[in-house]
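I have a structure I would like to understand better, so I am pasting it below and will then ask my questions one at a time.
The values are calculated or read from the model by the stated rules, or taken from the named source; none is laboratory data. It should be emphasised that the depicted structure is a prediction, and the values quoted were computed from it without experimental measurement. Heads up, the Cβs are rebuilt from the backbone with ideal geometry, glycines too, and the neighbour counts pull from every protein chain shown. All accessible areas refer to the heavy atoms of the entire protein, side chains included, with ligands and DNA or RNA removed. Shrake-Rupley method; radii C 1.70, N 1.55, O 1.52, S 1.80 Å.
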Amino acid sequence: MASRRVSSLLSRSLSPYLTSSPGRSSCIRRGLPKYSTAAAIDEPITPPVDINYTKLLINGKFVDAASGKTFHTVDPRNGKVIADVAEGDAEDVNRAVSAARKAFDEGPWPKMTAYERSKILLKFADLIEKHNDAIAALETWDNGKPYEQAANIEIPMVARLFRYYAGWADKIHGLTVPADGPYHVQTLHEPIGVAGQIIPWNFPLLMFSWKVGPALACGNTVVIKTAEQTPLSALYVANLFHEAGLPPGVLNVISGYGPTAGAALCSHMNVDKLAFTGSTSTGKLVLELAAKSNLKPVTLELGGKSPFIICEDADIDLAVETAHFALFFNQGQCCCAGSRTFVHESIYDEFVAKAKARAASRSVGDPFKQGIEQGPQIDPEQFNKILRYIRSGVDSGATLETGGDKLGSKGYYIKPTVFSDVTDDMLIAQDEIFGPVQTILKFKSIEEVIRRANASEYGLAAGVFTQNLDTANTISRALRAGTVWINCYDIFDAGIPFGGYKMSGIGREKGIYSLQNYLQVKAVVTALKNPAWL
């Protein structure tokens, strides 16, 4: 029933926003601002980087797809083709897995000392820093995220994450376990083997580092499939890995589509472990394919509909800015976006007015321009899906405070959108929109908001804004979410684990917990003859 409702609603064409819905009063458009489209209409800035890597990386070499096929990767600023990239499929996945298998079974990587592996990871991090601006330009060009965000935040985080995992490489060890008898018992923490990894388009290189970093630190080999929307940055940095001294076959990069290359990787009998970041619906397919093949273990980091709870004692101005960041960061294309903004009734009207003003002042345009906060959405599919969700909010009777439409005539730009008077039964309060759409809901009590915040199939993250320590502790412990940020949001230090409850995933990434995803534990029991002690 629910899926049919969504399908029916999202297939409607867009129409004027002043409507009446059955059982509800007419939707209100409160003095919507007139956005300047100049930033989106200007001729896009030419990115300061060349496209040198468009082929698959298999066994240390960049090669064409076995089929010879390529696909377009597109600039979301204007829909024009950036480059043609090799389109890998099942045969290419076979080649990559064979290379990774040989590198693990016969190659030097798992047989190196952990210290030697760590030195290669550290050198790679140095190269990331050296090439920071070029990598950031590729990320922005392919994805549409602001260049300043990529260059000043994301790419430095990639280097930090690889240094973090380099530090772990020689600190992975087992235990000695006492036994009830004359036996020496030890546990070995061994690399799991060939890791298959599938990364999304919203944070291509950050997700690359979250997955490749711990896998290599533990001594595994990797076959990683990039998102078809954003293949360029991973291919670029893969070349840097070999410059850092990574042996051939240890890291293999396949660009291609999910139903072909992705499905082949998930089903492959010689892949020992899978890690996937993406939508919950696709995560279910990944899990199914893994189970139907060789029952390989799977780590899933999936969707979310994260509550951001603002209590009556909160610093409203700081809460408005933080809630704005929590939702609109990365064009709203963030799995842990604070996409349900719960505000206490005593401060609701003031918060809504300030949230509207902040969204209306958000700078939208060419992400290569200085000072731009929001670039285009990733592609036409995501662009149109977001607009349909906006339409559903209007039809449901929510109050459209600002935004609500595309921006400009070129590219996939959407005006920052804010809805008030949102209720829990609306699709915009239930579904993961993955776009610049803030929904603001009202609550009366702590008990009520905890119940409503947990009434979701997702449990990835949450935010709490309060000056009362007891309130913060009460809410944070009650929320069924993998991460709870208190008086902050989107803090992603390398050592902080990340993952979800319920349908937001399985397992954790980052921090010490991520190492467990790429290790097997073996118990070795040796009989002792006349031991001096037990």
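Do you know which of the residues in the range 456-501 that are among the charged types (D, E, K, R) and farther than 17 Å from residue 339 by Cα is surrounded by the most Cβ atoms within 10 Å (Cβ to Cβ)?
That would be 493.
Quick one: residue 150 ticks every box in (1) more than 24 Å from residue 101 (Cβ to Cβ); (2) surrounded by fewer than 21 Cβ atoms within 10 Å (Cβ to Cβ) bar one, so which box is it?
(2) is the only condition that residue 150 fails.
On the basis of being open to solvent by 40 Å² or more (accessible area, probe 1.4 Å) and either at pLDDT 95 or above or of a type in the set (Val, Ile, Thr) (or both), does residue 513 make the cut?
Yes: the conditions hold for residue 513.
Among the residues of the range 308-318, count how many are touching a Ser or Thr at 6+ places or on another chain (Cβ under 9 Å) and within 24 Å of residue 415 (Cβ to Cβ).
Result for the range 308-318: 2.
Continuing with this model, one more query. Out of the residues in the range 392-403 that are buried (at least 22 other Cβ atoms within 10 Å of the Cβ) and of a type outside the set (S, T, N, Q), state the one that is nearest to residue 365 (Cα to Cα).
Residue satisfying both the conditions and the ranking: 403.
Out of the range 140-149, which residues are part of a helix (DSSP H, G or I) and within 14 Å of the chain's Cα centre (by Cα)?
143 - this is the single residue of the range 140-149 that is part of a helix (DSSP H, G or I) and within 14 Å of the chain's Cα centre (by Cα).
Rundown of residues vs (1) in contact with a Lys or Arg (Cβ under 8 Å, 6 or more places away or on another chain); (2) of a type in the set (Asp, Glu); (3) farther than 23 Å from residue 335 by Cβ; (4) modelled with pLDDT of 95 or more, yes/no style:
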| site | (1), (2), (3), (4) |
| --- | --- |
| 190 | yes, yes, yes, yes |
| 194 | yes, no, yes, yes |
| 199 | yes, no, no, yes |
| 204 | no, no, no, yes |
| 228 | no, yes, no, yes |
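Taking the range 166-198 on its own, how many of its residues are over 30 Å from residue 531 (Cα atoms) and in contact with a strand residue (DSSP E or B) (Cβ under 8 Å, 6 or more places away or on another chain)?
Qualifying residue count, the range 166-198: 8.
Right, another one. When the residues of the range 354-368 are filtered to those that are over 24 Å from the mean Cα position of the chain (by Cα) and open to solvent by 20 Å² or more (accessible area, probe 1.4 Å), which remaining residue is nearest to residue 310 (Cα to Cα)?
Across the range 354-368, the extreme among qualifying residues is 354.
Any residue at all in the range 476-497 that's free of Cβ contacts under 8 Å to residues at least 12 places away in the same chain and not assigned by the TED database to the domain that holds residue 348?
No.
While we're on this one: Filter the range 126-139 for residues that are open to solvent by less than 50 Å² (accessible area, probe 1.4 Å) and part of a helix (DSSP H, G or I) and give the result.
Within the range 126-139, 127, 128, 132, 134, 135, 136, 137, 138, 139 qualify.
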